[in-house]
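The values are calculated or read from the model by the stated rules, or taken from the named source; none is laboratory data. Predicted model, so just to flag it, every value in this text is computed and none were measured. Don't worry about glycine lacking a Cβ; one is built from the backbone with ideal geometry, like all the others, and counts go over all protein chains shown. Note: areas computed on protein heavy atoms with side chains; ligands, DNA, RNA excluded. Shrake-Rupley method; radii C 1.70, N 1.55, O 1.52, S 1.80 Å.
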Amino acid sequence: MSRLRIVHETIYTYKRPVRFGPHRIILRPREGHDVRVEEMRLDISPEFELEWSRDLFGNSIATARFLNSSDHLQIRSEVFLDQTPSFPLPSTRPSTLVPFPVQFSELESEIAAAYQATIFPRDVGQVKEWLRSAVDLTALRGAEDVVAAVARAIRSTIQYRRREAKGVQAPATTLGEQSGSCRDMATLMLEALRALGLPARFASGYLDCLATEAGRGAMHAWSEAYLPEIGWLGYDPTLGEATSLKHVLTGVSNHPQGVMPVSGTFLDEKEAYLEMKVTVLTERLPAGV
C-alpha cells in the first residue's frame, strides 16, 4: 500500500472586492478498489456555504456559495490517500484480447454510443487523416494495442506546452500547431479514439511527478477508453503510456468542460480580474504516518 498527500491551492485576485456566483469544485479523488480517501480538508475564503453532490458521471462535486464580497478567492484542498495496485495486476491477469473493431453487447451498446459521439465534428476528417499516417492498425493485435498506439503517437507528434488560457484547443489546432497542454493532448486522444469507434472519456486529476513533488505542479489530464471484458483503460498521451499509481483521478466526463477543477463566476466588470495562481504539491508518505 502507498500513501499520498496532495495539496492543491487556487487563488484568484481582483482589483477591488467583487461578489461571487456559485463555484463548482471537482478536487476529491474518485475512490475504488485501488484508491481510498483517508481524509480531505477544504479551506476556502471568503466565507462560504458548501454542498456536496454526485453528478451523472459519479464525480464528487462540491458547490461553494459565497456570503461576502472580497478582492480574492482562495480554495485550498488537502487530501490524504491510500493506494493499492490494481488486482490482479495487468501483467498477471489472464490475457484478454478484445478484437478491433470492437463489438458491444445489447446491454452496453446504447451507453457506449454516448461516449463514441464526437464533440468536434468539424475536426473529424483531419483527425482521421492524422490517424492514417500516425497509427498502423494492421500491425496491432487488438483494441487495447490500438489505444496504446494512439497515446504513443500523440506523445511522439505533439510537443507539450503549458497554456494558461481557459478551455481546450480543438484537435485540428493541436495537430496544426503540433503542440498543446495536457488537456489539449487528452482531447485529441479522446476524439481520435472516437474516430476509431471506441467509447472514450476525458479524465482529470493529478500526476505525482517531479514538478508536483517540488510544489510547482498543476492539474493533469488524460483519456480513458472502454473495452468489453476489460473496462475503462486510462492512457496518458502526454507521457505516451498507461496510467498508474502516479495518476490520481478526480473526475471523468464525456466532455473536457465537464471536469474543470474549479469553475464559477464573479459579479463585476471583467477588468476587475487580475490573475489566477495554481500550485499542486504531492508527497509520498511512509505507511502509518
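Laid out as a table, the results:
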| read-out | value |
| --- | --- |
| Hey, S70 within 30 Å of R16 (Cβ to Cβ), touching a residue at least 24 places away in the same chain (Cβ under 8 Å) and touching a His at 6+ places or on another chain (Cβ under 6 Å) or not | no |
| Which listed residue is surrounded by fewer than 22 Cβ atoms within 10 Å (Cβ to Cβ), under 25 Å from S60 (Cα atoms) and in contact with a Leu (Cβ under 7 Å, 6 or more places away or on another chain), from G205, G215, G231 | G215 |
| Among the candidates A211, A203, residue that is closer than 22 Å to I6 by Cα and not in a helix (DSSP H, G or I) | A203 |
| Long-range neighbours under 6 Å by Cβ, at least six apart or interchain, first residue part of a strand (DSSP E or B) within the stretch 10-29, second of a type in the set (D, E, K, R) and surrounded by 15 or more Cβ atoms within 10 Å (Cβ to Cβ) | V18/D268 |
| Candidates R65, R41 - the one that is under 30 Å from E213 (Cβ atoms), open to solvent by 60 Å² or more (accessible area, probe 1.4 Å) and either touching a Pro at 6+ places or on another chain (Cβ under 6 Å) or modelled with pLDDT of 95 or more (or both) | R41 |
| Pairs with Cβ under 8 Å, 6+ apart, first in the stretch 213-232 and more than 15 Å from I111 (Cα to Cα) and β-branched (V, I, T), second open to solvent by 10 Å² or more (accessible area, probe 1.4 Å) and outside any loop (DSSP other than H, G, I, E, B) | I230/E144 |
| The stretch 151-199, residues that are open to solvent by 30 Å² or more (accessible area, probe 1.4 Å), part of a loop (DSSP other than H, G, I, E, B), more than 20 Å from Y115 (Cβ to Cβ) and at pLDDT 95 or above | Q178 |
| Members of the stretch 136-150 found to be crowded, with 17+ Cβ neighbours inside 10 Å and without any contact (Cβ under 8 Å) to a residue 40 or more places away in the chain, listed by number | A149 |
| Pairs, first free of Cβ contacts under 8 Å to residues at least 40 places away in the same chain in the stretch 235-255, second among the charged types (D, E, K, R) and assigned to a loop (DSSP other than H, G, I, E, B), C-beta under 8 Å, six or more apart | K246/D208 |
| Residue list for the stretch 257-270, restricted to those being surrounded by 21 or more Cβ atoms within 10 Å (Cβ to Cβ) and either among the polar types (S, T, N, Q) or closer than 22 Å to A192 by Cα (or both) | V259 |
| Failed criterion for D34 (all others in (1) more than 19 Å from S253 (Cα to Cα); (2) modelled with pLDDT of 95 or more hold) | (2) |
| Any hit, the stretch 154-168, residues being among the small types (G, A, S) and in contact with a Leu (Cβ under 9 Å, 6 or more places away or on another chain) | no |
| Output for the stretch 275-284, where each listed residue is surrounded by 12 or more Cβ atoms within 10 Å (Cβ to Cβ) and either under 15 Å from the mean Cα position of the chain (by Cα) or within 20 Å of S45 (Cβ to Cβ) (or both) | M276, V278, T279, V280, L281 |
| Members of the stretch 114-130 that are in contact (Cβ under 8 Å) with a residue 12 or more places away in the chain and in a helix (DSSP H, G or I) | A114, Y115, Q116, R122, D123, V124, Q126, V127, K128, W130 |
| Residue match in the stretch 148-171 (condition: among the β-branched types (V, I, T) and more than 30 Å from V7 (Cβ to Cβ)) | yes |
| Members of the stretch 131-142 found to be at pLDDT below 95 and not in a loop (DSSP other than H, G, I, E, B), listed by number | L137, T138, A139 |
